[in-house]
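Notes follow the structure.
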Amino acid sequence: MDRLDCDRMFVAVLELGSFAAAATRLGTSSGQASKLVSRLEQQLGVQLFKRSTRALSPTEVGLAYYERVKTLLEAFDALDASVRDTAQSPVGRLKISVPGTFGSVVLSPVLVEFARRYPRIELDVSFSDRPANVVDEGFDLAIRIGNLSDSSLVARRLSDIHICVAAAPHYLQQFGTPQHWNQLEHHQCITDTNFRDPWHWPFVSCSGEVVNVPVRGRLRFSNTEACLQAAVAGLGIARLPDFIAASALHRGDITLILESWAEPPLGLFALYPSARHLAHKTRLLIDFLAHHFASTAH
């Protein structure tokens with residue numbers, strides 16, 4: 001028997017003056033009502049009611065206990081109602097870490113829509129390509145691209161991020177189009193230093209093995225959009241994520257090459273600290289992102 005059930009029954013019996021009336025209020029039997037009050041008396045080690053064949057009256061200790069427990073039950077019910085209301089209309093602050101370029105290009109409009117839909121949730125979003133320490137820096141959630149190494153965090157895969165190799169048509173016309181990854185050594189490669197190993201580009205061989213190909217070039221950027229601009233200008237071949245390359249590909253500013261050897265897609269993950277009960281606002285945002293990426297192709 002739950003202690004709260006015992007306390008609620010005690011309050012009902014005292015207010016209504018009988019076990020039968022209290023049982024009716026709480027939807028149980030008179031026998032169960034009597035058992036609950038008796039169990040409470042045993043737990044407290046005191047007599048709460050004077051019982052006789054004609055009457056049921058509270059003891060002095062019972063009256064004193066009633067005044068205190070009635071207030072506690074009301075506070076508990078108010079807390080319970082508040083939590084349930086929050087679940088229906090979530091409220092609070094979410095501190096989020098997102099990659100710089102992906103965050104500004106892809107996530108910003110999604111987060112704006114989330115903020116519009118849930119006006120009682122505050123968003124504190126940090127845009128940075130530096131992997132944040134989620135726990136130590138107090139983040140509720142981090143969005144990351146690539147292979148994960150922090151096993152202390154819970155990860156949910158949201159989508160795939162495809163990486164492509166591309167160059168401007170006039171660059172390829174002038175210097176030729178490589179037909180195999182081993183021909184990259186004869187080309188200027190634009191390096192994005194945000195990749196884990198920017199000096200080696202992975203490709204998949206005919207046997208299915210991932211081959212890391214060394215590349216060279218005079219341009220190195222720690223910004224994916226700068227790499228795209230250099231590629232569009234005809235300054236070399238770039239390795240670009242699909243969300244950056246898509247518009248330029250559609251316009252014909254750049255052309256895909258070496259598609260037959262394309263590397264496996266990277267994962268887009270939502271990371272959050274392990275907890276027995278994930279905050280409703282956090283789960284809400286993760287589900288919102290998952291639904292967005294499931295229904296939208298970059």
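The values are calculated or read from the model by the stated rules, or taken from the named source; none is laboratory data. Since the model is a prediction, treat every value here as computed from it, not as a measurement. For neighbour counting, all protein chains shown are included, and Cβ atoms are generated from backbone atoms with ideal geometry for every residue, glycine included. Side chains included, ligands, DNA and RNA excluded: accessible areas come from the protein's heavy atoms. Shrake-Rupley method; radii C 1.70, N 1.55, O 1.52, S 1.80 Å.
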- Please identify the pairs in which a residue from segment 242-259 that is free of Cβ contacts under 8 Å to residues at least 12 places away in the same chain has its Cβ atom under 9 Å from the Cβ atom of a residue that is acidic (Asp, Glu) and surrounded by 13 or more Cβ atoms within 10 Å (Cβ to Cβ), counting only partners at least 6 apart or on another chain. Ser247/Asp253
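Of everything in segment 146-159 that's open to solvent by less than 60 Å² (accessible area, probe 1.4 Å) and part of a strand (DSSP E or B), which residue is modelled with the lowest pLDDT? Break it down into steps so the answer makes sense when it comes.
Of all residues in segment 146-159, those open to solvent by less than 60 Å² (accessible area, probe 1.4 Å) come to 146, 153-155, 158-159.
The next check asks that each one be part of a strand (DSSP E or B); those that pass are 153-155, 158-159.
On the way: Leu153: 84, Val154: 87, Ala155: 90, Leu158: 94, Ser159: 92.
Looking at residues that are open to solvent by less than 60 Å² (accessible area, probe 1.4 Å) and part of a strand (DSSP E or B), I get Leu153.
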- Task: Among the numbered conditions (1) closer than 20 Å to Leu123 by Cα; (2) open to solvent by less than 40 Å² (accessible area, probe 1.4 Å); (3) not in a strand (DSSP E or B), tell me where Lys281 comes up short.
- Result: (2)
- Task: For Val83, indicate whether it is among the β-branched types (Val, Ile, Thr) and at pLDDT below 85.
- Result: yes
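Looking only at strands (runs of 3 or more DSSP E) that fall completely inside segment 27-138, which ones have 1 or more residues that are free of Cβ contacts under 8 Å to residues at least 12 places away in the same chain?
In segment 27-138, 49-51, 56-58 are the strands (runs of 3 or more DSSP E) which contain 1 or more residues that are free of Cβ contacts under 8 Å to residues at least 12 places away in the same chain.
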- Residues that are over 20 Å from Gly176 (Cα atoms) and either among the aliphatic types (A, V, I, L, M) or touching a Leu at 6+ places or on another chain (Cβ under 9 Å) (or both), drawn from segment 207-226: Val210, Val211, Thr224, Ala226
- Message: Could you go through segment 265-273 and let me know if any residue there is touching a strand residue (DSSP E or B) at 6+ places or on another chain (Cβ under 9 Å), surrounded by fewer than 16 Cβ atoms within 10 Å (Cβ to Cβ) and not basic (Lys, Arg).
- Response: yes
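Against the condition loosely packed, with under 15 Cβ neighbours inside 10 Å and either within 39 Å of the chain's Cα centre (by Cα) or over 30 Å from His280 (Cα atoms) (or both), how does Leu4 come out, does it pass?
Numbers: loosely packed, with under 15 Cβ neighbours inside 10 Å: yes; either within 39 Å of the chain's Cα centre (by Cα) or over 30 Å from His280 (Cα atoms) (or both): yes.
The answer is yes for Leu4.
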- Give the residue that is farthest from Ala166 (Cα to Cα), with candidates limited to residues of segment 214-229 that are out of contact with any Cys (no Cβ under 6 Å at 6 or more places or on another chain) and buried (at least 18 other Cβ atoms within 10 Å of the Cβ). Thr224
- Query: Here is a list of conditions, (1) of a type outside the set (Val, Ile, Thr); (2) under 30 Å from Lys281 (Cβ atoms); (3) surrounded by 11 or more Cβ atoms within 10 Å (Cβ to Cβ), and Leu79 meets all of them except one; can you say which number that is?
  - Reply: (3)
- Among the residues of segment 89-123, which ones are β-branched (Val, Ile, Thr), in contact with a Lys or Arg (Cβ under 8 Å, 6 or more places away or on another chain) and at pLDDT 90 or above? Ile121
- Note on the structure: Of the candidates His186, His162, the one satisfying the condition of being touching a helix residue (DSSP H, G or I) at 6+ places or on another chain (Cβ under 9 Å), open to solvent by 70 Å² or more (accessible area, probe 1.4 Å) and within 23 Å of Phe288 (Cβ to Cβ) is His162
- Query: Consider Trp199 against the criteria (1) in contact with a strand residue (DSSP E or B) (Cβ under 8 Å, 6 or more places away or on another chain); (2) surrounded by 16 or more Cβ atoms within 10 Å (Cβ to Cβ): it satisfies all of them except one. Which criterion is unmet?
  - Reply: (2)
